[in-house]
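Asker: Mind having a look at this structure? Questions to follow.
Coordinate-derived values only; no laboratory data. Note that the structure is a prediction, hence the values are computed from the model and not measured. In this analysis, Cβ positions are derived from the backbone assuming ideal geometry, glycine residues included, and neighbour counts consider all displayed protein chains.
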Amino acid sequence: MGILDQLGIEPGALLVNIVGFILLFLLLRKFAFGPISNLLSARAQKVAEDVQQAADARQEADAHLASIQERREELLAEVDTEADQARKRAQHEVQRLLEEARARARERELHAEKNIAAQTERAIQELRADVTGLAVGFSERLLAQSLDTERHQALVDKFIEDVEKMAAEEGQT
Amino acid sequence: MLEEHGTWLNALLPLLPEWAHGVVNVNVMTGWLAAAVLLVLMWRCARNLQLIPRSGWQTAGEFVWESMTGLCKEIIGPGGARFAPFLGTLFLYILLMNLFGIIPGFLSPTASLNMTAALALTTIIVVQYFGFRERGIRYLLHFVGEPRWLFIINIPIHVIGELSRILSLSFRLFGNIFGEDMVLAKFIALGAVSIGIFVIPVPLQLPMVLFHILVSLIQAAVFTMLAAVYIAGAVEAPAEESRR
């Protein structure tokens, strides 16, 4: 005890300090370090969970993106097919319209040819009837009067002239 | 001694009951005051804790805790975080008591051997407790040492080594803080004397106050780190024991 006295150490104060420190330790552990430690553990757990959730969400998003890209490829393929079919349909339609137009033109051409032939025939018929009439008239006039050579020649010329005139009129029509 | 200078708490001494006069002195009361301040500060830090910190108090509390667990893991190992409450209390308490010396009208309780010896004694007892808790009865082999057949010599040497730790811890802290407080007191006295020369008192102690803060931090850290090293030595199995 002599040494302790010389050093100024009082056993009572020493003991009180020890008890005080132990009490402080227990109180700090209970009311400060414990709650802070628990909070940090909870935060670490939360961060780990959030990271895991983020990884899951990323994986899900990647899968979703892959399915979207796959669907896009399918749609593009469908669009290509549709466009191809439409192009073929359009070409087919153009071909059909062309053939139809050609047929119609040919039909009109034939119709025009028939009309021309019919009109020609009719003109010939009319000409024939006119010539017959003229020939009948000429014969009637020939029979009604005696003809000399000069007169005969004049009648013939007149007949030919009438025929040419008629032919010219027919050509004009 | 420094107590002779008197502090604000000297006024409370006459109010103490008769039986407390040999037990409670100014240093003890300053220690209590430091403990109360520390409790209030740390309680404030740990109040309304949120997963996302919204107050500086919580951030400060988390910083203290993270620093202490980091120190423990670094010195003791991956499992060292479980000793952080004890070492954290030790560090903060010593630091606060050291800093009390720069408050006018107060003395550092750690400038008294009563306080430093109490802390050192508690530390060594706690180290033995941790040693037995972690390694059981095999902790005693730590005192036997190597080679085993020299146990008769080894055991007294190791026991003396453990006891000397109490002395080294307590006298190191006491000597540094007592010396700092003495220097501070002398410089304050020198500043008072300077009135005769400069007409106004010159705060000559100001650089020493800054130095006191630095020494307070260093001494608290040294005490805590040594305690951590002692704990690490007590809870770690020796290499030979690990191989077995």
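Asker: Any residue in the stretch B:30-44 that's more than 13 Å from A:Phe21 (Cα to Cα): show its pairings with residues that are surrounded by fewer than 17 Cβ atoms within 10 Å (Cβ to Cβ) at Cβ separation under 7 Å, as long as the two are six or more apart or on different chains.
Answerer: The qualifying pairs are B:Trp43/A:Phe31.
Residues checked against (1) over 25 Å from A:Pro11 (Cβ atoms); (2) under 18 Å from the mean Cα position of the chain (by Cα); (3) surrounded by fewer than 24 Cβ atoms within 10 Å (Cβ to Cβ):
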residue	(1), (2), (3)
B:Arg44	yes, no, yes
B:Trp57	yes, no, yes
B:Val64	yes, yes, yes
B:Gly70	yes, no, yes
B:Gly88	yes, yes, no
B:Ala111	no, yes, no
B:Val126	no, yes, yes
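Asker: Could you tell me whether any residue of the stretch B:100-110 is within 12 Å of chain A (Cβ to nearest Cβ) and either closer than 30 Å to B:Asn10 by Cα or in contact (Cβ under 8 Å) with a residue 40 or more places away in the chain (or both)? Break it down stepwise before answering.
Answerer: Residues of the stretch B:100-110 that are within 12 Å of chain A (Cβ to nearest Cβ), as a first pass: B:109-110.
Filter again for either closer than 30 Å to B:Asn10 by Cα or in contact (Cβ under 8 Å) with a residue 40 or more places away in the chain (or both), leaving B:109-110.
Looking for residues that are within 12 Å of chain A (Cβ to nearest Cβ) and either closer than 30 Å to B:Asn10 by Cα or in contact (Cβ under 8 Å) with a residue 40 or more places away in the chain (or both), one finds at least one in the stretch B:100-110, hence yes.
Asker: Among (1) facing another protein chain (nearest Cβ under 10 Å); (2) small (Gly, Ala, Ser); (3) out of contact with any helix residue (DSSP H, G or I) (no Cβ under 7 Å at 6 or more places or on another chain), there is one condition B:Gly56 misses while meeting the rest; what is its number?
Answerer: Here B:Gly56 clears every test but (1).
Asker: Could you tell me whether A:Thr81 is among the hydroxyl-bearing types (Ser, Thr, Tyr) and more than 44 Å from the chain's Cα centre (by Cα)?
Answerer: Working: among the hydroxyl-bearing types (Ser, Thr, Tyr): yes; more than 44 Å from the chain's Cα centre (by Cα): no.
No; evaluated as a whole, the condition is false for this residue.
Asker: Is it the case that the stretch A:43-56 has a residue that's within 29 Å of B:Thr89 (Cα to Cα), hydrophobic (A, V, I, L, M, F, W, C), more than 7 Å from chain B (Cβ to nearest Cβ) and part of a helix (DSSP H, G or I)?
Answerer: Here is the first cut: in the stretch A:43-56, the ones within 29 Å of B:Thr89 (Cα to Cα) are A:43-47.
This time we only want the ones that are hydrophobic (A, V, I, L, M, F, W, C), so: A:44, A:47.
This time we only want the ones that are more than 7 Å from chain B (Cβ to nearest Cβ), so: A:44, A:47.
Narrowing the set further to residues that are part of a helix (DSSP H, G or I) leaves A:44, A:47.
Yes: the stretch A:43-56 contains one or more residues that are within 29 Å of B:Thr89 (Cα to Cα), hydrophobic (A, V, I, L, M, F, W, C), more than 7 Å from chain B (Cβ to nearest Cβ) and part of a helix (DSSP H, G or I).
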